[in-house]
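Just below is one structure, and these are the notes that go with it.
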Amino acid sequence: MHFTHLIGEFSLEKGNLKELKLYKDAAQYKSTESKEVLPKDSKYFSKLRDFNLQLTKIKIRESVNEDNLICQAINTVAETDKVLNTLVKRLREWYALYNPEFSVANNEKYAELVARKSKQQLLKETNVKVSMGKDLPKKDLDAMMNLAKKIDSLVQLKNETLDYLEDIMKIYCPNLTEVAGVTVGAKLIEHTGSLRKLVMFPASTIQILGAEKALFRHLKTGARPPRHGLILQHIFVSSAPQKERGRRARALADKLSMAVKLDFFKGEFLGKKLKKQLEEKFK
Amino acid sequence: MKKSKIFEVYERRRDIYTKNLTPGKRVYDEWLVKDANIEYRRWDPEKSKLAASILKGTPNTGIRKGDVVLYLGCSTGTTPSHVSDIIGKDGFLFGIDPAPRVLREFVFLCEKRKNMTALLEDANHPENYADKICEVDVLYQDIAQRNQAEIFIKNLRFLKKGGYALIAVKARSVDVTKKPKQIFNQVREELEKHLTIIDYRILDPFEKDHCMFICKKNN
Ligand SMILES: C[S@@+](CC[C@H](N)C(=O)[O-])C[C@H]1O[C@@H](n2cnc3c(N)ncnc32)[C@H](O)[C@@H]1O
């Protein structure tokens with residue numbers, strides 16, 4: 001019985017192994033259907049080791065794809081958000097020593113304004129005559145404004161990453177991007193690991209992705225099943241009154257499932273149509 | 001440090017250790033301990049199901065110096081690194097895992113340890129690596145998949161007659177609604193069709209809802 005192996009060509013007769021040819025590196029190997037198992041022999045260990053490592057390194061390199069890039073980008077957005085939250089809270093405390101009367105609820109807007117405008121400009125819009133804030137010497141002001149500017153550039157980082165994400169997603173999964181939006185679409189991919197895995201889920205699973213804990217609880221203890229997971233963050237669901245959210249989540253999940261199938265199987269672009277159907281159904 | 005009843009495994013007080021094949025190098029965050037000029041790595045039962053089985057009293061893991069091991073679900077190499085210590089420089093380990101992220105770390109580990117190699121493969125498809133490995137003395141599997149028993153059985157073709165086959169079973173990945181014991185029994189029945197079970201350990205409290213079967217392939 002003649003057979004080809006990663007490390008060379010052999011023949012095996014009645015348990016007797018004969019080397020016909022040993023390869024110099026993994027590039028000489030061509031995959032075969034051979035069912036023979038190479039007998040154990042320590043003289044082959046170093047070739048088995050080196051050739052497999054060569055092949056595996058190439059495979060790992062080639063495994064890097066759009067899914068990986070999307071996951072890194074959306075995680076960057078989410079983590080930047082977290083950092084922003086913490087730092088803006090700090091900035092609010094710090095800046096309030098200097099200008100407590102100025103306030104804007106939105107974190108990003110607040111940081112942007114503090115970084116880009118002076119106290120006088122900001123106070124013009126409030127009707128404050130005498131501020132409770134202490135005027136700080138330049139050195140102290142600079143240290144504080146440094147933080148404000150770095151936060152402002154973090155906001156830019158987040159927005160630029162979102163733009164990039166939108167760019168690559170519009171090419172990779174245009175239907176999903178249209179129906180889910182950039183963030184929810186990317187989170188769905190991130191949550192499952194890839195578009196390929198996402199496409200294998202039925203709409204009912206897509207509906208509760210991100211609510212696995214509640215699902216396990218439901219299966220184990222019979223507690224109420226979760227009605228919507230990650231897709232709750234979609235404006236179409238989150239903006240609806242509580243009692244309509246379940247129905248909306250189900251309808252959205254249906255369309256998402258179709259969108260993902262179109263994208264994965266390289267179908268046409270029907271994203272706009274799917275979105276319109278959805279909106280009309282709930283007018 | 002004294003020898004335990006398990007091949008190439010050492011003990012001191014309540015802890016177990018293996019001789020570090022690459023002295024001075026740590027693999028995860030295990031302690032390194034020197035005794036009589038030999039360096040040992042503490043084997044953490046909270047991080048390795050094989051260490052948990054040993055501490056739960058397994059009399060024999062079947063893994064010895066010089067063995068060739070096929071390890072399915074090698075991940076970043078926590079347990080494989082201790083197996084690599086046990087089989088020593090004359091042994092060899094094939095680590096299989098389909099996840100690039102973890103296998104990347106495993107490749108770095110293989111570059112430090114000369115008795116291991118890595119394959120980016122799915123253990124569901126042994127035909128894809130049948131021509132990249134060789135016959136083995138030990139089959140070890142820890143993959144937490146629904147069809148874990150079926151995968152294990154498919155890979156028995158690489159195991160020599162009389163060789164040891166170890167499988168760590170995670171109950172929750174089979175069916176979350178069933179009791180772990182029920183699932184372990186189900187797996188046991190599957191295994192018994194092909195192997196002789198020589199040891200069974202529940203890994204609680206080190207690993208919740210996990211067990212280890214140590215089996216032998218018939219001659
Ligand atoms: C619990 S971890 C293994 C930990 C490792 N045995 C240790 O103790 O250090 C399970 C691993 O199985 C891998 N896995 C999942 N499905 C697999 C398959 N079909 N074939 C091989 N490995 C698989 C996962 O990628 C993961 O790295």
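Taken over region A:193-230, the residue count meeting the criterion of being free of Cβ contacts under 8 Å to residues at least 24 places away in the same chain, surrounded by fewer than 21 Cβ atoms within 10 Å (Cβ to Cβ) and assigned to a helix (DSSP H, G or I) is 12. Condition first: touching a residue at least 24 places away in the same chain (Cβ under 8 Å) and over 24 Å from A:LYS220 (Cβ atoms). Can you find one or more residues in region B:167-181 that meet it? Yes.
Residues that are among the charged types (D, E, K, R) and surrounded by 24 or more Cβ atoms within 10 Å (Cβ to Cβ) within region B:86-109 comprise just one, B:ASP97. Summed over region B:25-43, residues that are over 30 Å from A:ASP41 (Cα atoms) and either more than 10 Å from the ligand (Cβ to nearest atom) or in a strand (DSSP E or B) (or both) total 10.
Each row is one residue, and each column tells you yes or no for (1) under 17 Å from A:SER31 (Cβ atoms); (2) assigned to a loop (DSSP other than H, G, I, E, B); (3) more than 12 Å from chain A (Cβ to nearest Cβ).
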| residue | (1), (2), (3) |
| --- | --- |
| B:GLU127 | yes, no, no |
| B:ALA130 | yes, yes, no |
| B:ASP137 | no, no, no |
| B:TYR140 | no, no, yes |
| B:ILE143 | no, yes, yes |
| B:ILE151 | no, no, yes |
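Of the helices (runs of 4 or more DSSP H) lying entirely inside region B:48-115, those containing at least 2 residues that are basic (Lys, Arg) and either away from chain A (no Cβ under 11 Å) or out of contact with any Cys (no Cβ under 7 Å at 6 or more places or on another chain) (or both) span B:100-112.
Here A:GLU79 passes the criteria (1) away from every other protein chain (no Cβ under 11 Å); (2) modelled with pLDDT under 95 except the one numbered (2). Filtering region A:1-15 to residues that are under 15 Å from A:LYS40 (Cα atoms) and either in contact with a helix residue (DSSP H, G or I) (Cβ under 6 Å, 6 or more places away or on another chain) or aliphatic (A, V, I, L, M) (or both) leaves A:LEU6, A:ILE7, A:LEU12. Could we say that B:LYS65 is of a type in the set (D, E, K, R) and more than 27 Å from B:ASP199 (Cβ to Cβ) here? The answer is no for B:LYS65. Checked across region B:174-193, the condition of being within 20 Å of B:LEU139 (Cα to Cα) and not in a helix (DSSP H, G or I) holds for at least one residue.
Here the condition is being more than 23 Å from A:LEU55 (Cβ to Cβ) and charged (D, E, K, R); of B:GLU11, B:GLU111, B:GLU121, it holds for B:GLU11 alone. Between A:VAL128, A:VAL179, the distinction of being assigned to a loop (DSSP other than H, G, I, E, B) and of a type in the set (Val, Ile, Thr) belongs to A:VAL128 only. Look at (1) within 14 Å of the chain's Cα centre (by Cα); (2) free of Cβ contacts under 8 Å to residues at least 40 places away in the same chain; (3) farther than 20 Å from B:LYS112 by Cβ and you find that B:PRO80 fails only one, number (3). Do we find that B:GLY73 is within 16 Å of the ligand (Cβ to nearest atom) and at positive phi in this structure? In short, yes.
In region A:20-45, the residue that is nearest to the other protein chains (Cβ to nearest Cβ) out of those that are in a helix (DSSP H, G or I), surrounded by 14 or more Cβ atoms within 10 Å (Cβ to Cβ) and within 42 Å of the chain's Cα centre (by Cα) is A:PHE45. If the condition is being at pLDDT below 95 and buried (at least 20 other Cβ atoms within 10 Å of the Cβ), then region B:29-83 contributes no residue at all.
Checking each residue in region A:1-14 for being more than 11 Å from chain B (Cβ to nearest Cβ) and part of a loop (DSSP other than H, G, I, E, B) picks out A:MET1, A:LYS14.
Selection of region B:132-173 for residues being surrounded by fewer than 22 Cβ atoms within 10 Å (Cβ to Cβ), more than 11 Å from the ligand (Cβ to nearest atom) and among the β-branched types (Val, Ile, Thr) yields only B:ILE153.
Just so you know, in region B:118-131 the residues that are under 14 Å from B:ARG157 (Cα atoms) and of a type outside the set (Phe, Trp, Tyr) include one that is surrounded by the most Cβ atoms within 10 Å (Cβ to Cβ), and it is B:ALA123. Within region A:231-283, the set of residues being in a loop (DSSP other than H, G, I, E, B) and loosely packed, with under 15 Cβ neighbours inside 10 Å comprises A:SER239, A:PRO241, A:PHE265, A:LYS266, A:GLY267, A:GLU268, A:PHE269, A:PHE282, A:LYS283. Listed by first and then second residue, the pairs with beta-carbon distance under 8 Å, at least 6 apart or on different chains, first residue in region A:50-63 and more than 7 Å from chain B (Cβ to nearest Cβ), second acidic (Asp, Glu), are A:ASP50/A:ASP25; A:PHE51/A:ASP25; A:GLN54/A:ASP25.
May I ask you to list the residues in region B:87-102 that are touching a Leu at 6+ places or on another chain (Cβ under 9 Å) and either more than 8 Å from the ligand (Cβ to nearest atom) or at positive phi (or both)? If the condition is that a residue be touching a Leu at 6+ places or on another chain (Cβ under 9 Å) and either more than 8 Å from the ligand (Cβ to nearest atom) or at positive phi (or both), then B:ILE87, B:GLY88, B:LYS89, B:PHE92, B:LEU93, B:PHE94, B:GLY95, B:PRO100 are the ones that fit. The combined condition, being touching a Phe, Trp or Tyr at 6+ places or on another chain (Cβ under 9 Å) and either of a type outside the set (Phe, Trp, Tyr) or more than 16 Å from the ligand (Cβ to nearest atom) (or both), is fulfilled by B:VAL68.
The values are calculated or read from the model by the stated rules, or taken from the named source; none is laboratory data. Please read these numbers as outputs of a predicted model, since none were measured by experiment. Neighbour counts are summed over all protein chains in view; Cβ atoms, including those assigned to glycine, are modelled from backbone coordinates with ideal geometry.
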